[in-house]
Amino acid sequence: MHLVASERIKLFSIATPWVCGLFAVVALVAPAVLTALTATESRLPPTVASTQFGYQLAMVAVLLLAALAVTSEYQSGTIHGTFQAVPSRTPVLVAKAAVVAGYGFVIGEAAAFTAWLVARVLAPDADLALNSPADWTIVAGTGPVFALGAVCGVGVGLLVRHTAGAVALLVAYPLMAENVITLIPRAGMVIHRWLPLNAVTKFLAGTGEANAGRDGGNATVLSDSPLAQGWALTYFGAFAVLLLAAGITKARRRDA
């Protein structure tokens, strides 16, 4: 437990987690506010899914804060002291991932429910009640998704080690790379179905029940993943664990 406490102190002693956490909340809440305020003018009335439209951008913030929690230590040199105190390295890196994942979970739940609540207050006539498992999944499921995303970010930070490289990768991949892959002739769509963020979108959005059965519109475009929702989250979790394991393995085999 002392490793977890130590990593918690290190994480919150810098501005990065606070700034990224605030950005994640704003990224989820702002689109929900806009959707609710234009409810009477739009042909697409707000839905529970539309209150979570900004989750992809918020996920980028969580990925970045997780990676920067690692790369900032490499850049400042404090990782040397950490590895001297824990020569095996694995326990302290697992503790770091656990702390960042816990923070990611809190950010996800706080941001998702705030976005939903604000939209419900601003558009009281819209059907935004959490009446079905699909409604609860797309809102409450954001916390587990962000927690696993944070684990991915730690893994990338350990593999890349440099802040600029980690930031470039973790901004470009969620916002562009998976969609670009669909442009590959023949194989693109097949590959896309199994990409991690596409899979986790399947967990959150399902088949569109929380968006009145619509695909896209004022909510996230539905995933083409062949996995069921529960298996989609499991698949993303396995990817996160493998990425973290790869990062820890690399950290153990090379000098800090």
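Among residues belonging to the range 243-256 that are free of Cβ contacts under 8 Å to residues at least 12 places away in the same chain and not basic (Lys, Arg), point out the one that is surrounded by the most Cβ atoms within 10 Å (Cβ to Cβ). Break it down stepwise before answering.
Pass one, the range 243-256, residues free of Cβ contacts under 8 Å to residues at least 12 places away in the same chain: 249, 253-255.
Filter again for not basic (Lys, Arg), leaving 249, 255.
On the way: THR249: 14, ASP255: 6.
Out of the qualifying residues, it is THR249.
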query: Would you call VAL145 open to solvent by less than 40 Å² (accessible area, probe 1.4 Å) and touching a residue at least 24 places away in the same chain (Cβ under 8 Å)?
result: yes
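With the condition kept exactly as written, say whether any residue in the range 150-161 is more than 30 Å from HIS192 (Cα to Cα) and crowded, with 21+ Cβ neighbours inside 10 Å. Lay out the reasoning, then the answer.
Filtering the range 150-161 down to residues more than 30 Å from HIS192 (Cα to Cα) leaves none.
No, that holds for no residue.
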field: Leading residue by the ranking (modelled with the lowest pLDDT) among those in the range 184-235 that are among the polar types (S, T, N, Q) and in a helix (DSSP H, G or I)
entry: ASN211
message: Looking at ALA166 and the list (1) within 30 Å of ALA95 (Cα to Cα); (2) open to solvent by 20 Å² or more (accessible area, probe 1.4 Å); (3) more than 14 Å from the chain's Cα centre (by Cα), which single condition is not satisfied?
response: (2)
message: Given the criteria part of a helix (DSSP H, G or I), open to solvent by 50 Å² or more (accessible area, probe 1.4 Å) and over 30 Å from THR249 (Cβ atoms), does VAL139 qualify?
response: no
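Criterion first (in a loop (DSSP other than H, G, I, E, B) and not polar (S, T, N, Q)) does PRO45 satisfy it?
Numbers: in a loop (DSSP other than H, G, I, E, B): yes; not polar (S, T, N, Q): yes.
Taking the combined requirement at face value, the residue satisfies it.
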field: Criterion (closer than 23 Å to ARG120 by Cα, modelled with pLDDT of 95 or more and not charged (D, E, K, R)) met by exactly one of ALA58, ALA32, ALA36, ALA66
entry: ALA58
statement: Expected single match for of a type outside the set (Ser, Thr, Tyr), open to solvent by 40 Å² or more (accessible area, probe 1.4 Å) and under 18 Å from the mean Cα position of the chain (by Cα) among VAL171, VAL190 is VAL171
query: Here are some conditions: (1) surrounded by fewer than 24 Cβ atoms within 10 Å (Cβ to Cβ); (2) modelled with pLDDT of 90 or more; (3) not aromatic (Phe, Trp, Tyr). GLU7 meets all but one. Which one does it not meet?
result: (2)
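Per-residue answers, yes or no, for (1) touching a Pro at 6+ places or on another chain (Cβ under 8 Å); (2) free of Cβ contacts under 8 Å to residues at least 40 places away in the same chain; (3) open to solvent by less than 10 Å² (accessible area, probe 1.4 Å); (4) in a helix (DSSP H, G or I):
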position: ALA24; (1), (2), (3), (4): no, no, yes, yes
position: VAL33; (1), (2), (3), (4): no, no, no, yes
position: ALA61; (1), (2), (3), (4): no, no, yes, yes
position: LEU65; (1), (2), (3), (4): yes, no, yes, yes
position: VAL70; (1), (2), (3), (4): no, no, yes, yes
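Only one residue in VAL29, VAL48, VAL33 is within 18 Å of the chain's Cα centre (by Cα) and either over 17 Å from VAL19 (Cβ atoms) or β-branched (Val, Ile, Thr) (or both). Which one?
Working: VAL48 fails: within 18 Å of the chain's Cα centre (by Cα); VAL33 fails: within 18 Å of the chain's Cα centre (by Cα).
Only one candidate qualifies: VAL29.
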- request: Report yes if some residue within the range 82-89 is in a helix (DSSP H, G or I), within 19 Å of THR163 (Cβ to Cβ), out of contact with any Pro (no Cβ under 8 Å at 6 or more places or on another chain) and among the hydroxyl-bearing types (Ser, Thr, Tyr); otherwise report no.
  value: yes
- prompt: Do we find a residue being touching a residue at least 24 places away in the same chain (Cβ under 8 Å), outside any helix (DSSP H, G or I) and either at positive phi or open to solvent by 80 Å² or more (accessible area, probe 1.4 Å) (or both) anywhere in the range 97-118?
  reply: no
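The values are calculated or read from the model by the stated rules, or taken from the named source; none is laboratory data. Everything numeric in this text was worked out from a predicted model, so none of it was measured. Using ideal geometry, Cβ is built from the backbone for each residue, glycine included, and neighbour counts are taken over all protein chains shown. Note: areas computed on protein heavy atoms with side chains; ligands, DNA, RNA excluded. Shrake-Rupley method; radii C 1.70, N 1.55, O 1.52, S 1.80 Å.
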